[in-house]
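The structure appears below as structure tokens.
Just so it is clear, none of the values below were taken in a lab; they were calculated from the coordinates. None of the values given here were measured: they were computed from a predicted structure. For neighbour counting, all protein chains shown are included, and Cβ atoms are generated from backbone atoms with ideal geometry for every residue, glycine included.
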Amino acid sequence: MDPSAPAFTPGGGGGQGMTGMTASAPTFQPGVAYNMPTAQMMQGMQYGQGGQMPYGAGMMNPYAMQGGMQPGMQTGMPTMQQQMMQQQAAAAMMPAAASPPTTTSTADTATVGVFLEEIAFFLEDMDKDLWWLLRAAHQSRALEIVRGDEELEPVNPNMEAVIEGLRVRAEQHQEQHVSQVRAKIIIIPSATSAERVALQSLQNLRFHCKGKIEVFNCMKEANNTAIWAAYHNVVASKEPQWLLKTDGSLSKAAFAQCIVVIPVYIDVAKSEIKLFTVFCPEKKKKHWAFPGGDIKRGTDRNIFDAARREFHEEVGIFFDRSWGETFMAELPQNSQEDLNELNNCLYTQLEKDGHRYPVRPFIFARVTEDFYGSSRCYEDSNGVIKLPKPTVQHVKYDEINNSDHARRVHLEGWSFLEHDEAQWVTVEYATGKLTGEDSRPIRKENVDLFRTMPEKAWLYFSKLTGLEPVARSSLLPEDFPMDGPFSVRVSGIDKTATDQNVVAFFEESNIIVKQVEQFEEPRHTARVDFNDVASLEQALQLTGRTLLRRKVKVELWGDNGTAAAPSALPGSVPPKPYEGPLPDTGPFKIVIRSLDKSVDRDDLGYFFWDRQCEVCDIEYPLKGERHAGIVEFKDVDSLRRALGLNRTIYKGREVQVDLYTPRDEKLRQGGSGGGGGGDRGDRGDRGDREGRKGGGKGKKGGGGKGFGDGERRERHDRDPPSRSEFGSERPRLDLKPRTKPLPGDPNYREEASRGSGARSDPFGGARPRDDRFKPTRADGDDNWRR
């Protein structure tokens, strides 16, 4: 191991490790009855979000059983309440007098989630599964470090029966939720109190990869947002130092699942700002990004520990430099200490789609002249730094496909290198634009962050460079009336959302709502009023964030703060002529989205035909997207009129009409699905590991069954069948003008329904066969689309 790396102590956070603690490690004896935790102990904390019960003060604390302290907690004597609960938890594992067998009631069971963190990679590399780890956790002699090559002794029959029951229910849940890909979380329904106590022992295990397993209560039929919220609530209740307050006007406390480190160099003479990035070589990324990754609770005590570790693993290890040898100021050791704001800056961003990463903290740290000069000694002619070879034993990202190399990370504690290239990029102070000498792209999330020019980060740059602070622009138009109304239009609201849900959406960001009015038409739309212009500006920043299960759009009500025209529906947006680019030659196609579920192909044809758009062909429904279709028109004038129908109300829904692009071709063929498995080259991450999804049933240890990318591709290798394969060619549409007056004409008369032949088919009878779109097993699962 690298001598400059922070010391890794089994047990984490400076607490006593597992060595020599075999006497206190509880073991199950065959034929002996046990006192299990009481209902008061199991429900020692209030239920969290979504009704899930966090494991908190009322549950057995594995660190208390070891006599050590929890990672991230400060030293100090436990309170009287903590001592009593520790004694009760220890007593629950002691043999009790023989008692008649009792049956487990439904009230004694709960759905449990097992969060694997880095251990998911251990299971894959060492060809093990969760149930092997559970047996390892119940050995008569505790393992100081779990390597994966241990020969485990058989556990007693009672514990083996518990493990088998957990395994069966976990795999059944995976089979029923094959479309839900959870690479690091395993869901186990109906876990009894005895099974939950057995699972808690997983939290004592220590690994060379520095990960830590967490067991938490959650809901069985919950989406990913609710499951991640349950996990974050449980960890935050035990280790509140992971809760960070976001910066900016939308200030709220949220869980920090990751950390990003941005090394900063200031050329004072040129007033230039340079930032250090590394290249992510995974095939699904291949971009420049700032060093960073997930927190590892097995060794990180707080966000500053996580920053030091991530910097060492991604930068310092190559140059054999510690944090203090690289930067002009050290980070605090204690999360309660103040940051040196002269040379360091902590900016915490509230994520828009933040179920896994509610917030993303960025630590800006100014590097020394020595480090900047040393790093540039390794640059090539394109400004790319070829990182020097570390002096410690290591495994590179391109060696991870070799199982022998991958196993060394877990067997011998070798370091894992996620990349081997770096570069300094320049940020334009006036615009926030990031530029680098290398032509390969910079990660989009990093580019978007600097494009917004966060006020706290720019004040930090201003102090370092001596430049004037940048003037902030308002989201409101210049002629906005200061006497109101202070109202926004919220669209895309979840169909289950109530007025109280809408109010809570804004109040989570400390925005006081005056009134909410949801509309029948257009559906899923509301007007929300506020008390002042400051609240209005803050509310406009929430566009794109999630309300219940859907991302909503928040925009200013009407034009320049005035309501829509009196003749229009309340909440509707007056259509505007399309003035964007149009193709010179055909095909002239659009994509229409957000259609009502009752719309069929004929309805879609008449929607455009009645609005003077000559339709040639319609593809509806689509395989790649629900409630969407592709429509082709005869000429460019029809195309222009159709695009002007964007945001029109049709059957109670506000439809979205966009120009068809080559990227929309996947909608016709269908996407590759939820995926899973991933490529071994995707092991590295920049704050997450999106490339390593899935994990599958059994020995891979993942939470969703999943399919490998290769298997998904094989399913779609064959080209779609041609019309000739069906035995006939579909004729082009030849729509005729209507012969009857439309509603609103003087001669229009309402006619009674004539049964099945009430309306002729304007498309010549050509339509795809219904059995081409048979419902799949995933269609019956309410959760996978959330």
Under the 0.36 nm per residue contour assumption, what length would be gained going from the current alpha-carbon distance of ARG376 and LYS551 to full extension? 58.7 nm
FRET efficiency (ARG611, LYS284; Cβ distance; R0 41 Å; to 0.05) is 0.45
If each of SER140 and ASN401 carries a label point 7 Å out from its Cα toward its Cβ, how far apart are those two points in nm? 4.6 nm
Count of lysine pairs in the range 170-261 with Cα separation under 22 Å (8 or more residues apart, or interchain): 7
For the pair LYS576 and VAL636, how long in nm is the line joining their label points, each one 7 Å along Cα→Cβ? 2.2 nm
In nm, what is the difference between 0.36 nm times the number of residues separating LYS433 and PHE319 and their Cα-Cα distance? 38.2 nm
Spin-label point model (7 Å from Cα, Cβ direction): what's the GLU468 to GLU507 distance in nm? 4.3 nm
Which of the peptides 496-504, 516-524 is most tightly packed, and how do the rest follow, going by the mean number of other Cβ atoms within 10 Å of each residue? 516-524, 496-504
Where a label projected 7 Å from the Cα of VAL268 along Cα→Cβ would reach, residues of the range 438-470 with amide N under 15 Å: 462-467
For a quick protection proxy, order the peptides 425-433, 295-303, 407-415 by their average other-Cβ count within 10 Å, most packed first. 295-303, 407-415, 425-433
What FRET efficiency comes out for LYS389 versus ASP499 if R0 is 51 angstrom and r is the Cβ-Cβ distance? Round to the nearest 0.05. 0.25
If we sort 605-617, 311-323 on the protection proxy, mean other Cβ atoms within 10 Å, highest first, what's the order? 311-323, 605-617
The convex hull of the Cα atoms of the range 573-666, divided by residue count, gives a volume in Å³ per residue of 92 Å³
Efficiency of FRET between ASN531 and ARG593 - r from beta-carbon atoms, R0 30 angstrom, step 0.05: 0.30
